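Student: What follows is a structure written as structure tokens; I'll ask about it next.
The values are calculated or read from the model by the stated rules, or taken from the named source; none is laboratory data. Quantities reported herein were computed from a predicted structural model and do not represent experimental measurements. Neighbour counts run over all protein chains shown; Cβ positions are idealised from the backbone, glycine included. Heads up: the accessible areas ignore ligands, DNA and RNA and are worked out on the full protein's heavy atoms, side chains in. Shrake-Rupley method; radii C 1.70, N 1.55, O 1.52, S 1.80 Å.
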Amino acid sequence: MGKGSVKMDLSIVITSFNTENLLKECIESIVKHTKGIKYEVIVVDNASSDGSVAAAKRLKVKVIESKENLGFTKGNNLGIEAAKGKYILLLNSDTLISDNTLGEIISYMNANPRVGVATCALKNKDGSLQGTGGYFPTLIRVFSWMTIGDIPFVDLIIKPFHPMHEKSLFKGDGFYKKEKDLDWVTGAFLLGRREVFEQNKGLDEDYFMYGEDVDFCFKAKKRGWKVKYLPQFSITHYGGASSTREFPLLSEYKGIKIFYKKHYPSWQYPILRILLKIGSLGRMVVLGLLEGGESAKIYAKAFGQA
């Protein structure tokens, strides 16, 4: 990890792959709205074939060019290694900063020294809230996630892995309107103290994409750090508005399996796989009927890989 001056308040690491226009808008929004702190923007380009690198260089930010697509985790680690800030923010390229969100959240972190990791509210383009972060995926929570979690009030009894489900018939954003301690927060906007990144040795590269944020926060909480959701600050996140597709679903299943192998007793792993298969089978039938063949095929593949 870079040994630069601690006078740098914030290092913003953006890992990008073929997101030229989004990346340009993201960086411009940072420059326009961020006040009162010294910051740097580090773009890690994962071998894009569009004009992402040229666009970032025109905006005079630091660019690290990878010759291959390393994925979200390894790409971010390159940026983390180069970072000089007291705080490091992992930020998706499909985000827009508004107001002085970054300056204000740094002020909050300075005033709350036991908070090691934090995120803000992520909003869709229309201003509606996205689900971001939740509680660690214990077996009972995975069971709820895969089976009964969409039933009203279940989340009040069993803390949810994902508090607001994309496909839930009863989803509501009330959970994400209040400041609270969470177990994990999403890598789309993951702000951490430099000390936490150093203790964790960056992100775990066994995860290509999905699950590394849960793993990172798990390690931080084991060391006594608080993980905070802070909705008094917010950004726009385009990616969260899209419906579930094959890659994120399969990647999340893969990620949670890796997480179990690393952090939970070995006897729990076979039970986890059974629960993932039950959930995949149920969704294959129900969503296949409601949405058609594409959803059925995705969950059939998930069932095979669970």
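Student: Name the residue that is farthest from THR95 (Cα to Cα), counting only residues in the range 126-164 that are of a type in the set (Ser, Thr, Tyr) and surrounded by fewer than 19 Cβ atoms within 10 Å (Cβ to Cβ).
Tutor: THR147
Student: Looking only at the range 255-291, how many residues end up being outside any helix (DSSP H, G or I) and open to solvent by less than 80 Å² (accessible area, probe 1.4 Å)?
Tutor: Quick first cut of the range 255-291, residues outside any helix (DSSP H, G or I) only: 264-267.
Still in the list and also open to solvent by less than 80 Å² (accessible area, probe 1.4 Å): 264-265.
The total comes to 2.
Student: While we're here: Go through (1) open to solvent by less than 30 Å² (accessible area, probe 1.4 Å); (2) in contact with a strand residue (DSSP E or B) (Cβ under 7 Å, 6 or more places away or on another chain); (3) farther than 28 Å from ASP206 by Cβ and name the single condition ASP9 misses.
Tutor: Against the list (1) open to solvent by less than 30 Å² (accessible area, probe 1.4 Å); (2) in contact with a strand residue (DSSP E or B) (Cβ under 7 Å, 6 or more places away or on another chain); (3) farther than 28 Å from ASP206 by Cβ, ASP9 comes up short only on (1).
Student: Mind checking which pairs have a first residue in the range 71-85 that is in contact (Cβ under 8 Å) with a residue 24 or more places away in the chain and a second that is assigned to a helix (DSSP H, G or I) and buried (at least 24 other Cβ atoms within 10 Å of the Cβ), Cβ under 6 Å, 6 or more apart or different chains?
Tutor: Taking only residues 6 or more apart or on different chains, the pairs are THR73/GLU212; ILE80/PHE197.
Student: Before we move on, is ILE80 surrounded by 24 or more Cβ atoms within 10 Å (Cβ to Cβ), assigned to a helix (DSSP H, G or I) and at pLDDT 90 or above?
Tutor: yes
Student: Taking the options ILE42, ILE37, name whichever one is touching a strand residue (DSSP E or B) at 6+ places or on another chain (Cβ under 9 Å), under 24 Å from TYR210 (Cα atoms) and touching a residue at least 40 places away in the same chain (Cβ under 8 Å).
Tutor: Only one candidate qualifies: ILE42.
Student: Looking at this structure, is SER11 at pLDDT 95 or above and either closer than 15 Å to PHE189 by Cα or outside any loop (DSSP other than H, G, I, E, B) (or both)?
Tutor: Yes: the conditions hold for SER11.
Student: In addition: Of the conditions (1) out of contact with any helix residue (DSSP H, G or I) (no Cβ under 8 Å at 6 or more places or on another chain); (2) open to solvent by less than 60 Å² (accessible area, probe 1.4 Å); (3) of a type in the set (A, V, I, L, M, F, W, C), VAL44 clears all except one; give me its number.
Tutor: (1)
Student: Name the one entry in GLY174, GLY224, GLY211, GLY239 that is crowded, with 20+ Cβ neighbours inside 10 Å and small (Gly, Ala, Ser).
Tutor: Criteria check complete, one pass: GLY211.
Student: Could you please let me know if GLU252 is open to solvent by 10 Å² or more (accessible area, probe 1.4 Å) and in contact with a helix residue (DSSP H, G or I) (Cβ under 7 Å, 6 or more places away or on another chain)?
Tutor: No, not satisfied.
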